[in-house]
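The values are calculated or read from the model by the stated rules, or taken from the named source; none is laboratory data. Everything numeric in this text was worked out from a predicted model, so none of it was measured. A quick note on method: Cβ atoms are made from the backbone with ideal geometry, for glycine too, and the neighbour counts reach across all protein chains shown.
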Amino acid sequence: MKKSHALWITRTAVLMALLVGSQVVTAPLQITLLTGSIVNMILVISVISSGFYSGLAIGILSPLFAALVGIGAIWPIVPFVSAANAAFVMIWHCGDKLHFPWKVVKRVVTCAIAALCKFAILYLGVVRIAIPFLLDVPDPVANSLTIAFSVNQLFTATIGGTVAILALPAIEKAISITAIGREKKET
């Protein structure tokens, strides 16, 4: 196995563990705004710092792992959350690859587009399809799910993306310093 493959696997695994671990820690607080923002921040950091496939793997698999450990374990919703995360990661990947002179402006616009897309997928998938057709839950639970998977998702995706935008310069600098150190050791 090449060192680059091992590094990619390690970064992806660490970010996945960080994401699921943060869900485990924040879930008992029942503050969707906090948990969702952290999840979205980690998704952005993963796709920008470790690449598209890392972000995609984390985005698709993290809802499954979260459900397996009992967080949001409503199984018919998991594919919609995975799809929304995949779209979110895809938009961040494409947006960050655009050639634009001001990186922060590019990332702010990407954040807005990705948040709107994730919100739309979750609203249509969970609120308009899963709740009425796939779930047999009492009205109070249906109402709670509707609230959790509507405008809240727009806020959590925007907050998570914004925090990631603020954190990424330091993360990118740390990664480049580490890469330079690794190159010096190899020569």
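Looking only at residues in the stretch 58-76 that are modelled with pLDDT of 95 or more and crowded, with 21+ Cβ neighbours inside 10 Å, the one that is nearest to M16 (Cα to Cα) is I58. With respect to the conditions (1) surrounded by fewer than 16 Cβ atoms within 10 Å (Cβ to Cβ); (2) over 23 Å from L29 (Cα atoms); (3) at pLDDT below 95, L116 lacks only one, and its number is (3).
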